[in-house]
Amino acid sequence: MNKEEKDLNKMRLNKAVALSGISSRRGADDLIKAGRVKVNGRVITDLSFKVSSDDEIMVDNKDASSKELKYILLNKEKGYITTVKDELNRKTIYSLLPEKYKNLKPVGRLDRDTEGLLILSNDGDFINRVIHPKNKVSKTYMVCLDGDFNTKVINYIKSKLKSGIQLDGALRKADSIKEIASSGSYKAKQCIFEIVIHEGINRQVRRMFQAVGYTVSSLKRTKIGSISLSSISREKYKEIEKN
Ligand code: URA
């Protein structure tokens, strides 16, 4: 590549750091401003600084060269913690994946006893886009409740969750909620709902149902945006291309 071609291929430093998977582009801005990013051995705090593929980028003195971006769909089983390392040595989601995916980060979390779709990636911008509520990326859950149900109770649950529950200082609403099944038509002992939300505060779905008097007996995430758990079929995980 001659100098002109290299100049054309230059990109903003924050983009290059984000492509390394270390952070999102906005997170990279913070790292740059804090003086934690070096280019060819020199600390750069100028947010408009551009780099080419030949430049050596370090964050906190660790290599931050661009990596191939990866996206994994995982069908999480119950009993696994969504964390990179658990201090209590409990089983983590990484024990469901081959070693080569250990550097990928989960896109949001599922509780230990929640199963279903989890995406892992090293694309910081993508992770931020999916989890930030302002982008309204929908997350769909199948919720199983035990208790006494009839049409009145079911309608009450639906209308309360649609109008919103006060949790952690804000009103959390279901974007949509529908009853999928209840065992027996008159007085059911179990009821399954499909609920769609676009936020992901801690144990949000369980707490929303708790607030209307029901304990969730099983919870499964079936979709994130348009990506469906069924696309994994029976495998435990699958690598996908991002369009
Ligand atoms: N809501 C919950 O309560 N738990 C999860 O794991 C995900 C959403």
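The values are calculated or read from the model by the stated rules, or taken from the named source; none is laboratory data. Note that this is a predicted model, so its numbers are computed, not measured. Quick reminder, even Gly has a Cβ in these numbers, built from the backbone with ideal geometry, and neighbours come from all protein chains shown.
Structure data summary
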{"item": "Subset of the stretch 76-126 that is part of a helix (DSSP H, G or I) and within 16 Å of the ligand (Cβ to nearest atom) - its residue that is nearest to V205 (Cα to Cα)", "result": "I93"}
{"item": "In the stretch 186-198, the residues that are part of a loop (DSSP other than H, G, I, E, B) and at pLDDT 95 or above", "result": "H198"}
{"item": "Set K220, K242: member being at pLDDT below 95 and either in contact with a strand residue (DSSP E or B) (Cβ under 7 Å, 6 or more places away or on another chain) or surrounded by 16 or more Cβ atoms within 10 Å (Cβ to Cβ) (or both)", "result": "K242"}
{"item": "Identity of the residue in the stretch 223-239, within 30 Å of K189 (Cβ to Cβ) and not basic (K, R), that ends up surrounded by the fewest Cβ atoms within 10 Å (Cβ to Cβ)", "result": "S230"}
{"item": "Count of the stretch 80-90 residues which are modelled with pLDDT under 95 and either surrounded by fewer than 12 Cβ atoms within 10 Å (Cβ to Cβ) or not hydroxyl-bearing (S, T, Y) (or both)", "result": "7"}
{"item": "Which listed residue, of V130, V153, V137, is in a loop (DSSP other than H, G, I, E, B) and of a type in the set (V, I, T)", "result": "V137"}
{"item": "Filter result (more than 8 Å from the ligand (Cβ to nearest atom) and either assigned to a loop (DSSP other than H, G, I, E, B) or under 14 Å from the mean Cα position of the chain (by Cα) (or both)) within the stretch 203-219", "result": "V212, G213, Y214, T215"}
